[in-house]
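Rule-based calculations on the coordinates, nothing more; no lab input. Note that the structure is a prediction, hence the values are computed from the model and not measured. Here the Cβ positions follow ideal geometry from the backbone for every residue, glycine too, while neighbour counts run over all protein chains shown.
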Amino acid sequence: MIRVRVSTEPIDLAAEMASIERGGAVATFTGLVRADVVEGQGSVATLELEHYPGATEAALERLAAEATARWSLSAASVVHRVGPMHPGERIVFVGTAAEHRAAALEACAYLIDRLKTHAPFWKKETVGGGTRWVDARGSDDAAAARWD
Amino acid sequence: MIRVRVSTEPIDLAAEMASIERGGAVATFTGLVRADVVEGQGSVATLELEHYPGATEAALERLAAEATARWSLSAASVVHRVGPMHPGERIVFVGTAAEHRAAALEACAYLIDRLKTHAPFWKKETVGGGTRWVDARGSDDAAAARWD
Amino acid sequence: MRVLYFAWVRERVGAGEEEVTPPGEVATVADLAAWLAGRSEGHAAAFAEPARLRAAVDQAFVPLDAPIAGAREVAIFPPVTGG
Amino acid sequence: MRVLYFAWVRERVGAGEEEVTPPGEVATVADLAAWLAGRSEGHAAAFAEPARLRAAVDQAFVPLDAPIAGAREVAIFPPVTGG
């Protein structure tokens with residue numbers, strides 16, 4: 001079972017968990033908006049997520065399908081929020097289910113690592129009254145590449 | 001925040017998730033009772049978990065403290081069910097929170113790997129009318145040892 | 001050909017999408033960006049540093065030297081930062 | 001000294017715990033298991049294969065050759081299978 005969703009609605013963790021609980025092992029990753037402090041400007045007040053409608057869903061489905069094939073998953077779910085949000089809110093949820101724990105855990109790490117570099121989302125922060133687009137990080141490229 | 005619980009009550013995932021959602025990254029692992037098929041005897045009908053009261057909680061707290069120190073976690077939760085349960089029910093929940101995803105994901109894998117070999121729980125299956133104690137697996141020792 | 005822009009590329013161009021008909025010698029995404037840079041100051045600012053650009057042709061991610069012949073939709077944007 | 005048994009060790013012994021006063025020459029957990037084996041057929045069955053046994057002394061996991069001098073609680077059980 002592959003489930004992919006991009007939405008401006010808050011992520012309902014209980015519903016997402018319930019949808020993937022099958023097999024013997026379930027792993028999840030949830031990313032929350034952090035109130036990062038930017039030097040001299042205070043902390044991030046809001047985060048806005050932009051994406052590429054159509055291409056985003058296709059990219060997430062392709063990642064979920066790759067993980068499902070590679071680790072024989074019984075379920076894979078990727079939910080990403082877009083639009084404006086605040087620190088503490090859920091921005092992304094990845095859930096994987098498999099017969100055994102190693103498969104579920106590795107596939108979950110794979111999906112979030114690859115999502116960071118292979119899905120068309122862009123983050124814009126509001127800090128100290130100004131806005132700025134978040135720069136891509138080399139460490140994310142490295143994390144994604146370890147699964148090649 | 002370290003939270004450890006051993007209980008005969010079903011594991012309430014929504015409550016467990018809510019208790020660890022802090023920082024920027026949350027990883028969880030949930031183990032479910034599998035309806036494993038035993039050759040010639042059908043599938044597992046019930047699973048009973050025995051533990052060593054006192055020593056179990058101490059072992060789980062030590063593992064959670066080790067993970068918290070090693071990965072600078074903002075939260076670590078380990079909940080293990082004991083007593084009789086059926087296929088599909090949650091037997092164990094591990095949750096970790098950290099600023100960044102690699103720490104949360106690795107600490108979560110560490111906790112479930114170590115729990116399997118370092119906490120005093122024993123599984124007894126009912127299959128085809130008979131019962132049998134589950135044997136420890138060498139693969140679990142190997143998984144736990146990779147964190148040494 | 002439909003061209004889409006995202007994030008700061010969109011902001012600099014001043015539009016999320018436009019219909020364009022590049023001349024025949026515009027063969028790759030990089031050629032397209034260079035050609036688009038001549039349309040306005042905003043376009044010029046958006047496409048000034050090709051190393052900071054990424055692209056998709058008909059929703060498939062491609063390097064900037066990928067051909068655009070026959071493409072219906074080309075998207076140009078910064079490196080992604082989701083998750 | 002309090003001795004605790006778990007899982008199939010408990011089932012074979014026929015009790016979850018008992019108070020025992022081993023003689024002075026019983027120095028290690030392995031010695032204790034061998035000495036306990038003489039108490040009944042059930043004990044003998046439980047402790048027949050030391051390689052299949054694990055132990056804790058005062059709730060700390062120890063190898064079978066660990067000393068038991070001064071221990072208040074010794075637990076003997078099969079390899080753990082939780083999670």
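Cut-off 10 angstrom, C-alpha nodes, Gaussian network model of chain B. Which of B:ALA67, B:ALA58, B:ALA103 fluctuates the most?
Result: B:ALA58 has the largest fluctuation of those listed.
Assign unit charges at the C-beta atoms only (+1 for Lys and Arg, -1 for Asp and Glu), then state the dipole size of the protein assembly as shown relative to its Cα centre in Debye, rounded to the nearest 20.
140
Each residue of the stretch B:84-89 in order: what ³J(HN,Hα) in whole Hz does its phi give by Karplus 6.51 cos²θ - 1.76 cosθ + 1.60, θ = phi - 60°, with x for Gly and Pro?
Listing the rounded values in order: x, 8, 10, x, x, 7 Hz.
Could you tell me which GluC sites (Glu not before Pro) in the stretch B:1-107 are loop residues by DSSP with no more than 13 other beta carbons within 10 angstrom of their beta carbon?
Qualifying residues, ordered by number: B:GLU39.
Let me check I've understood the local charge: for D:ARG72, count other residues with C-beta under 13 angstrom from its C-beta, Lys and Arg +1, Asp and Glu -1. What total comes out?
Residues near D:ARG72 contribute -3 overall.
Gain in length, A:ASP12 to A:SER139, computed as 0.36 nm per residue apart minus the alpha-carbon separation, to one decimal in nm?
Extra length available between A:ASP12 and A:SER139 comes to 42.8 nm.
Which length gain, in nm to one decimal place, applies between B:ALA35 and B:GLU89 when the Cα-Cα distance is subtracted from 0.36 nm times their residue separation?
Length gained, B:ALA35 through B:GLU89: 18.4 nm.
Taking every residue in B:112-120, how many Cβ atoms of other protein chains lie within 10 Å of its Cβ, on average?
Partner Cβ neighbours, averaged per residue: 5.
Return the long-range amide H neighbours of C:GLU17 (sequence gap of 5 or more, or a different chain), with a cut-off of under 5 Å between placed amide H atoms.
Under 5 Å from the amide H of C:GLU17 lie the amide H atoms of C:TYR5, each far enough along the sequence or on another chain.
If you average the alpha carbon positions of the stretch B:1-69 and of the stretch A:37-71, how far apart do those two centres end up, in angstrom?
If we compute the Cα centre of each part, the gap is 30 Å.
Whole Å is fine, so just give me how far the alpha carbon centre of the stretch D:68-83 lies from that of the stretch D:5-57.
10
In whole angstrom, note down how far apart the Cα centers of the stretch A:112-136 and the stretch B:74-110 are.
Measuring centre to centre over Cα atoms gives 29 Å.
I need the GluC sites (Glu not before Pro) found in chain C, filtered to DSSP loop residues with at most 15 other beta carbons within 10 Å of theirs.
Answer by residue number: C:GLU25.
Karplus couplings for the stretch A:12-19 from phi (6.51 cos²θ - 1.76 cosθ + 1.60, θ = phi - 60°), rounded to Hz, Gly and Pro as x?
After applying 6.51 cos²θ - 1.76 cosθ + 1.60, I find 8, 4, 4, 5, 5, 4, 4, 6 Hz.
Using the beta-carbon distance between A:GLU21 and D:ALA48 and R0 = 56 Å, what value does 1/(1 + (r/R0)^6) give for FRET efficiency, to the nearest 0.05?
The pair A:GLU21/D:ALA48 has a calculated efficiency of 0.85.
Averaged over its residues, how many other protein chain Cβ atoms are within 10 Å of peptide B:18-30's Cβ atoms?
6
Which trypsin sites (Lys or Arg not before Pro) in chain C sit in a loop by DSSP (not H, G, I, E or B) and have at most 16 other Cβ atoms within 10 Å of their own Cβ? Don't skip to the end; give the middle numbers.
Working: sites: C:ARG2, C:ARG10, C:ARG12, C:ARG39, C:ARG52, C:ARG54, C:ARG72; in loops: C:ARG39, C:ARG72.
The qualifying sites are C:ARG39, C:ARG72.
Taking each residue of B:92-100 in turn, how many C-beta atoms of other protein chains fall within 10 Å of its C-beta, and what is the average?
Values: counts 4, 1, 3, 2, 0, 2, 0, 2, 3.
Going residue by residue through B:92-100 and averaging, the value is 2.
Taking amide H positions as placed in the peptide plane 1.01 Å from N, state which residues far from A:THR46 in sequence (5 or more) or on other chains have amide H under 5 Å from it.
Correct list: A:THR126.
Can you tell me which of A:THR56, A:THR28, A:THR131 moves the most in a GNM of chain A? Springs connect C-alpha atoms under 10 Å apart.
Highest fluctuation of the listed residues: A:THR131.
Along the stretch D:10-21, what does the Karplus equation 6.51 cos²θ - 1.76 cosθ + 1.60 (θ = phi - 60°) give for ³J(HN,Hα), rounded to whole Hz, x for Gly and Pro?
4, 5, 5, 5, x, 7, x, 7, 7, 8, 9, 10
Please enumerate, by chain and number, the lysines with C-alpha under 18 Å from the C-alpha of B:LYS124, excluding those fewer than 8 residues away in the same chain.
Qualifying lysines at Cα under 18 Å: B:LYS116.
Kindly identify the stretch C:2-77 as rounded, prolate or oblate by the Cα gyration tensor criterion: order the square roots of the eigenvalues as a ≥ b ≥ c, call it rounded if a/c is under 1.5, otherwise compare a/b with b/c, prolate if a/b is larger, else oblate.
Numbers: a/c = 1.41, a/b = 1.29, b/c = 1.09.
Rounded.
So what's the back-of-envelope 222 nm ellipticity for the protein assembly as shown, counting only DSSP H runs of four-plus at -39500 (n - 2.57) apiece and dividing by all residues, rounded to 500?
Taken over the protein assembly as shown, the calculation gives -9000 deg cm²/dmol.
Quick query: amide H of C:VAL62 versus all other amide H atoms, modeled in the peptide plane; which residues come in under 5 Å with a sequence gap of 5 or more or a different chain?
C:ALA55, C:ALA56, C:VAL57
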